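J.: I have a structure here, written as structure tokens, and I will follow up with some questions on it.
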Amino acid sequence: LREESVELLQLEDEVVSSMKLQFEKYKAKVSTRHEGKDFTIRADRLHVTSVVFNLLDNALKYSKANPSIQVELKETETDVELSITDNGIGIAPEFRKKIFDKFFRVPTGDTHNVKGYGLGLSYVAYVIQRHRGSIDMESQPGIGSRFIIKLLKTA
């Protein structure tokens, strides 16, 4: 990792802006909310950018009609918390422990509307782990998912 001082709010804005055309194509409503003032972390900018892009891309790909995506940044005493919430198809309880495994894809029967190799979330989890952070997920089938990342603030 090439760690540097990274302003997560600026990085979030850049990724959301870079995906603007994709959001418009799917008529997605994307909202952002920030709680706190200092969202600076020590991180590899390239990899953390890829993490945010991957989670937003998944939120879009696995949403139903009229996607709604919320991106939240929250400053705590020791961490910066980034959460991405969607109104997508959700993930059944029996698959939640496996979604960060390499090559795992939630079974959808004979139809695969979304192409991929099951590497995205394993990469996300690996990058967050290498940054000494944590990633959690909450999901309800048919309602949507929320991914929560916690990374240490710079001292």
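The values are calculated or read from the model by the stated rules, or taken from the named source; none is laboratory data. All values reported here derive from a predicted model rather than from experimental measurement. Ideal geometry is used to build each Cβ from the backbone, glycine not excepted, and the neighbour counts take in all protein chains shown. The area values use the complete protein model at the heavy-atom level, side chains included, leaving out ligands, DNA and RNA. Shrake-Rupley method; radii C 1.70, N 1.55, O 1.52, S 1.80 Å.
J.: Identify which of 125, 92, 28 has the largest mean-square fluctuation in a Gaussian network model of the chain, with springs joining Cα atoms closer than 10 Å.
T.: Looking only at 125, 92, 28, the biggest GNM fluctuation is shown by 92.
J.: Roughly to the nearest percent, how much of the accessible area of the chain is carbon and sulfur, given a 1.4 Å probe?
T.: Roughly 52 percent of what the probe reaches on the chain is carbon or sulfur.
J.: Follow-up. When the chain is modelled as a GNM with alpha-carbon springs shorter than 10 Å, which of 68, 17, 145 fluctuates the most?
T.: Of 68, 17, 145, the most mobile in the Gaussian network model is 17.
J.: Quick one: among 27, 74, 97, which has the greatest mean-square fluctuation in a GNM of the chain with alpha-carbon springs under 10 angstrom?
T.: 97
J.: Hey, can you find the accessible area per residue of the chain for me, probe 1.4 Å, expressed in square angstrom?
T.: In whole numbers, the chain has 59 Å² accessible per residue.
J.: Rounded to the nearest 10 degrees, what's the angle between the helix 120-130 long axis and the longest principal axis of the chain, both from Cα atoms, 0 to 90?
T.: 20 degrees
J.: How big is D for the range 1-78, in µm² s⁻¹ as a whole number, if Stokes-Einstein is applied with the Kirkwood radius of its Cα pairs at 20 °C and 1.002 mPa s?
T.: It diffuses with D of about 160 µm²/s by this estimate.
J.: Using helices alone, what [θ] at 222 nm do you get for the chain, with -39,500 (n - 2.57) per DSSP H run of 4 or more residues, divided over all residues and rounded to the nearest 500?
T.: Mean residue ellipticity at 222 nm (helix-derived): -9000 deg cm²/dmol.
J.: Please compare each pair in 98/150; 102/150; 20/150; 27/102 to a cut-off of 27 Å on the Cα-Cα distance and tell me which ones are over it.
T.: On the way: 98/150 20 Å; 102/150 21 Å; 20/150 25 Å; 27/102 31 Å.
The answer is 27/102.
J.: Separation between the residue 7 and residue 20 pseudo-spin-labels, each 7 Å from Cα along Cα→Cβ, expressed in nm?
T.: With each label placed 7 Å out from Cα toward Cβ, I get 1.9 nm.
J.: Okay, next question. Below 8 Å between Cα atoms, with a sequence gap of 6+, how large is the relative contact order for the chain in percent?
T.: Averaging sequence separation for qualifying contacts and normalising by length gives 25 percent for the chain.
J.: Once the convex hull of the alpha carbons of the chain is built, what does its volume come to per residue, in cubic angstrom?
T.: It comes to 110 Å³ per residue, whole-number rounded.
J.: Could you tally the net charge around residue 10, taking each other residue with its Cβ under 14 Å from the Cβ of residue 10, Lys/Arg +1 and Asp/Glu -1?
T.: Charge balance near residue 10 sits at -4.
J.: A further question on this structure: Working from Cα positions, state the angle (0 to 90°, nearest 10) between the long axis of helix 45-61 and the longest principal axis of the chain.
T.: Around 30 degrees separate the two axes.
J.: Compute the angle between helix 8-18 and the longest alpha-carbon principal axis of the chain, please, reported from 0 to 90 degrees and rounded to the nearest 10.
T.: It works out to around 40 degrees.
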